[in-house]
Structures are given as structure tokens and as C-alpha cells.
Amino acid sequence: MVIFEQNSPKVWSIICNGYEPKTLILGGASTVTNKYFIIARFIERVSEQCLGFDKWFMGWLEDCYDEEKRPETIVDSIHTIKEFCNLYLQQRNVDYSSFVDETKVKKNSIFFTAIEIEKIIKLSSYLKVYSIVSNSEDFKLGQKLHKEVYNKIASDMIDTEIIKKIYDVVKTKTFRYNMTDKYMWDYIKNVQCKDIGIHVVEIFNFIMNHILVLCEEDKNPITYFVGVIDESVKWFLRSVYKGSIVYDDSISTEDIQGINSDNLKTYSYNDTLGRLKQIAHGRINELVQKQSTMTMDSVSDKVLIEFNDRLATIEFISPLCETLVFPILSKITGIPYMHFKTLSPEHSVILSVYVQELLKKVFGAEYKNLFTLLNFYPLKSPSIATTYKIKSIHEYLNTQTKDSFFKLDARKVQYDLLCQFVGRISRVDFCNILDGRKLGGIPLSKIESDVIKFYSEFFSGHLEDKFKEMEKLLNADF
């Protein structure tokens, strides 16, 4: 029989009589890693009840350690994984109709039949075995192959209404909170530049990628999903209070401990940002001096004085900081995005110029029109909302693949975001922080082209290697 033993929060030993023990190192702190005991106990039960599973599983595990065999081994194993899980569930003989109460169904209810719930449990079971690969540091597949394997595992559900129903549950529950906490959602939209629709997609992705795998075969998965949605929405709403005020009416011991932990993290983030600002400010002083056409010390000093005078007068944060600089810095420093939202306009423009330097070193002349704007700051308050529509619609469509995530097309969401980005930029009066010159006119067609290409790559995860290069440059400066 296969037995899992936990050695540390992220390290498990897999033991089976007659086979050499294997070590499984899980990914970083995630919901799946934190609750991996659910997956471990499930595989142990399958091993106990299904003849031949131990031999196949230990051999499969051995082949997964071989980097050359791994991709083919995993793809070829999908059918076998399904067979063993189906056999186990058949022996369990759970009555899924007990999870269904048709007497409570109304005209507009989102109703899951017993057959649909059974399919959800089956998919969860397949994903538990596959998580040996998908949640392991040693066996991780590339994003493209992982998506291919995931879709093959979920093939029995993709062609049904089940995925759409799960999405509808997320949407309905989340928008119900919008009715009771409308002003909070408006505030979050203004602060984070993300409306409630984006949160719906994020919660849905979280359920499909991290929660579905943790469903237990003898419990109603829909009830589990609803509980996760409720907690996720409350977390969004709670986060805007900066950790000092909790969303619930009472404060528990756990809340107090959380606040202390948050304060320690905040101190670390502030320390890192303070050092980063010093580095960026020093780099900008070098740039200002280089741009001076005269070499006399008095002229150079005058240029620096004028630069610092301009810096002191900045009142507004550029939309590009919110949509480009802060997300990139958050990714390469590990500091949460919301922490950058507390920065002053002066600090924001300094980091903006510094990030532009990093981008130039990594991307070269690529996206030049977009990145050039990082040297500029707004003279007036930028608009929060816009009705702008991207003109280069054909270019946008040509950059997007027709791949969908469980039949949900993400292109419309991305299009709306890009329209918001370009629209907010288009109405700003910009001034160059380095030399004080105002921007005569924004080449919108070129900006659109760069925005479409850059964010399409950004959203699809194709810039990870570039960001790692930027992280190395940042660490070298520290």
C-alpha cells in the first residue's frame, strides 16, 4: 500500500513495500500545499482498494523523475489515472442524489444534477493524482503542456454546462455582495483599478486551479465552492482596511496576531522601498547630469536643482505607474501591489524613471513608445474612468489566441482593460521630469500598438524570463 508521510510543511515521503521511498517537494505556500493531506489520504485510499495501483503509481512516479520521459509519461498516464479513480469511486458508491434537493429549485436557480456533481467529484479525483506533478517543485511542466494536460483531464466536463454553472455561481454570489457593499466595491475599483467583473474571474480561476482539486468524494462540492466564494469576497473587502480594521463585527485572537504579522511585513516593505527610492534617486541624478549639454559644474548643479524643484511640485500619480510600474515592481520585489498604492507622487515618478531604465536594458528598443512615457508625470489629475475604445481592433485580435479557459473567452476582459489603460493615458497633460519639457502630443496609434503587444504577452505569462532579468538587475543595484 502507498503511504504518505509529512516531513515538513512542503516535504512528503511516499513509501510503498518493495519500492524505494520517494521524496515529494511541494510548491510554495498555496491552498493546495497547505491542505495536501486531503490529496495524500485520497491516494492512500485508492491504493488500498484498487488492485494494481501500487505497481503502476510507483513506476509512474519513477518515470516522472526522468526529465526526458516526464512529458510523454504524464500525457500517456491520463487514461490510467481516470480508470483507477473511476474504479475507486465506483467502489465507494456515494449517493450523489443526496446532495440535490429539487424541491428548493426555482425558476432562476443554478441547479446541479446528481450526474453533474458526480462529474465534478471525478474531475477532482483525477486532479488529486495529477497534483503529484502539478504541485511539485521537481516535476513541474511548462505552462503550455500543463494547460494541455489539464484540458485533457477535464475533457468530460468541458463539453457540458457544468463549467458555466460554476462560473455563474461565482458571478451571482459576488454580485450579491455588490448590492450590500456597493460603496466598498466602488472604492476598491478606484483604488485597485479593477471592477467587480475582474474579481469574479479571479475567484473563478482560483476555484478551478486550487479548490476543485480539494473536493472530497463524500461531501457536496457546490457547498464547498459557495463557502470559498464568500470567504474570497470578504477577503477583498477586508483588504481595503489596511489590516487595522477587520471586516467582521468582532476581533478575535487570530485577527490580533494577523495585525502584528502585517505590521512586521509592512516594516519590511517600507525598508525595501526606502532603499529602492535611494537607488532610483541616485540613478536619476546621473541621468539628469548626462542630459545637460554643458559640462560646467555650476550648470550641472543648476540642472539638478531645477530637477528637484520639479520633483517637489508633483501632485498627481501617472496612470502608467498604476498599470505598468507598480505591477512590474510588485512582481520583481515580492511587495504586494496595494503597498505601492500608498506611495507619494514624488516617490512614484522616481520609481517610474528607474523602472524605465530596467525595461530598456531588458527589452531594448521594444515597446519604446510606451516605455518612453515613464519619464513623464501628469500636470493635472488623471481621469479615473474613460469611454475610450482602442482603434487597432484588428491588431488586438491578431495578437490573441483562440484558446479559452474552460470555454470562457478572456479576450473581451483584456480588451476592456486595454481600452481603460490607453484611454486614461490619452487625456493626460504630461511633463518630462528630467528636463521639464511638456509632451506636445501622444502618438496614440503607436502607444496602442505597444500596449496591445506588451499586455497580451504580460497577461499570457510570456514575460516571466524578462522579469527575472529585471529582478537580477534590481538585486545587483541593491
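The values are calculated or read from the model by the stated rules, or taken from the named source; none is laboratory data. If you're wondering where the values come from, they're calculated on a predicted model, not measured in any experiment. All Cβ positions, even for glycine, are placed from backbone atoms using ideal geometry, and neighbour counts span all protein chains on display.
Against the numbered list (1) in contact with a Ser or Thr (Cβ under 8 Å, 6 or more places away or on another chain); (2) closer than 24 Å to Asp271 by Cβ; (3) at pLDDT below 85; (4) of a type outside the set (Phe, Trp, Tyr), Lys341 comes up short only at (1).
Considering (1) within 30 Å of Glu148 (Cβ to Cβ); (2) charged (D, E, K, R); (3) at pLDDT below 65, the lone condition that Lys265 does not fulfil carries the number (1).
Okay, residues lined up against (1) under 35 Å from the mean Cα position of the chain (by Cα); (2) closer than 22 Å to Phe4 by Cα; (3) of a type in the set (Ser, Thr, Tyr); (4) not assigned by TED's automatic domain parsing to the domain that holds Asp138:
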site: Glu48; (1), (2), (3), (4): no, yes, no, no
site: Tyr88; (1), (2), (3), (4): yes, yes, yes, no
site: Phe99; (1), (2), (3), (4): yes, no, no, no
site: Lys106; (1), (2), (3), (4): no, no, no, no
site: Glu116; (1), (2), (3), (4): yes, no, no, no
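Among the residues of the stretch 88-130, those that are among the aliphatic types (A, V, I, L, M) and farther than 30 Å from Leu24 by Cα comprise Val94, Val100, Val105, Ile110, Ala114, Ile115, Ile117.
Does the stretch 326-337 contain any residue that is part of a helix (DSSP H, G or I), crowded, with 17+ Cβ neighbours inside 10 Å, of a type outside the set (Asp, Glu) and without any contact (Cβ under 8 Å) to a residue 60 or more places away in the chain?
The answer is yes, given that some residue of the stretch 326-337 is part of a helix (DSSP H, G or I), crowded, with 17+ Cβ neighbours inside 10 Å, of a type outside the set (Asp, Glu) and without any contact (Cβ under 8 Å) to a residue 60 or more places away in the chain.
Counting only helices (runs of 4 or more DSSP H) wholly contained in the stretch 46-139, the ones carrying 2 or more residues that are hydroxyl-bearing (Ser, Thr, Tyr) and under 19 Å from Thr23 (Cβ atoms) occupy 114-134.
Just give me the residues in the stretch 140-165 being over 26 Å from Asn34 (Cβ atoms), outside any helix (DSSP H, G or I) and of a type in the set (D, E, K, R), in sequence order. Within the stretch 140-165, Asp159, Glu161 meet the criteria.
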